[in-house]
Amino acid sequence: DGGITQSPKYLFRKEGQNVTLSCEQNLNHDAMYWYRQDPGQGLRLIYYSQIVNDFQKGDIAEGYSVSREKKESFPLTVTSAQKNPTAFYLCASSSPRGSNQPQHFGDGTRLSIL
Amino acid sequence: ILNVEQSPQSLHVQEGDSTNFTCSFPSSNFYALHWYRWETAKSPEALFVMTLNGDEKKKGRISATLNTKEGYSYLYIKGSQPEDSATYLCACVTGANNLFFGTGTRLTVIP
């Protein structure tokens, strides 16, 4: 079945450590997105990518980095510069990137601090 | 950053009741309004994408309307069933093509 796979489901980070969240899609979508959810808040955009080898910062990009070397993959690295990384992270894709296209989401990764 | 508000925050209804909730957004620079259903332990699922003032969309017992001039959308569920229990998210798209999400309405349908 086509869809978006995020891994791992749960992730723990130590102080000063970088961690990478995986997002893979087999929907042949051009656009991919990373969102963060905190309690009592709506999903907030971290980074997005419209095409391979291109990505743009969203509203809360500080402390995060991404790459888009393949169409299917859009990994998110939470760096040590992100001082409050504990949150639920959702990856999404759409094709093509545009306001009329719904986004398809993965199941999410919950990141916690050890 | 766009201020998208959803109300109520949570809602309990009896099985068979009909219900509705609201998404409010700034009416300027509007491009589209998305509705998603997010069941516990699953991924958000797209319900509707609406773009034109007066749009009405329907999927089974769920329907939505859009008023872009006054900046609101309503989601209606007719004859609620326990499987409708979920968080319903709306998101507004601006000219920059980014989605700004509300905090959601959590619906619980009591059997």
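Things worth noting here:
- Some residue of segment A:42-57 being part of a loop (DSSP other than H, G, I, E, B) and within 14 Å of chain B (Cβ to nearest Cβ): yes
- Summed over segment A:45-68, the residues that are open to solvent by 30 Å² or more (accessible area, probe 1.4 Å) and within 19 Å of residue A:113 (Cβ to Cβ) give a count of 3.
- Selection status of residue A:39, over 20 Å from residue A:3 (Cα atoms) and buried (at least 19 other Cβ atoms within 10 Å of the Cβ): no
- Residue count for segment B:49-58, restricted to those that are open to solvent by 30 Å² or more (accessible area, probe 1.4 Å), within 12 Å of the chain's Cα centre (by Cα) and at the interface with chain A (Cβ under 8 Å from one of its Cβ atoms): 0
- Within segment A:1-25, the set of residues being part of a loop (DSSP other than H, G, I, E, B) and surrounded by 13 or more Cβ atoms within 10 Å (Cβ to Cβ) comprises A:3, A:17.
- Residues within segment B:59-85 that are within 21 Å of residue B:108 (Cα to Cα) and either open to solvent by 60 Å² or more (accessible area, probe 1.4 Å) or out of contact with any Gly (no Cβ under 9 Å at 6 or more places or on another chain) (or both), tallied: 16
- Of the strands (runs of 3 or more DSSP E) lying entirely inside segment A:61-114, those containing at least 1 residues that are farther than 14 Å from residue A:21 by Cα and more than 14 Å from chain B (Cβ to nearest Cβ) are A:109-113.
- The residues on offer are B:46, B:86, B:41, B:32, and the sole one that is closer than 29 Å to residue A:60 by Cα and under 11 Å from the mean Cα position of the chain (by Cα) is B:46.
- Every residue from segment B:3-26 that is under 22 Å from residue B:110 (Cβ atoms), under 15 Å from the mean Cα position of the chain (by Cα) and either within 11 Å of chain A (Cβ to nearest Cβ) or in a strand (DSSP E or B) (or both): B:6, B:7, B:9, B:10, B:11, B:19, B:20, B:21, B:22
- In segment B:86-111, the residues that are open to solvent by 40 Å² or more (accessible area, probe 1.4 Å) and not in a loop (DSSP other than H, G, I, E, B): B:106, B:108, B:110
The values are calculated or read from the model by the stated rules, or taken from the named source; none is laboratory data. The structure presented is a predicted model; accordingly, all values stated were derived computationally and were not measured. Reconstructed Cβ throughout: ideal geometry from the backbone, glycine too, with neighbour counts over all protein chains shown. The protein model used for the area step is the full one, side chains on, heavy atoms only, and it has no ligands, DNA or RNA in it. Shrake-Rupley method; radii C 1.70, N 1.55, O 1.52, S 1.80 Å.
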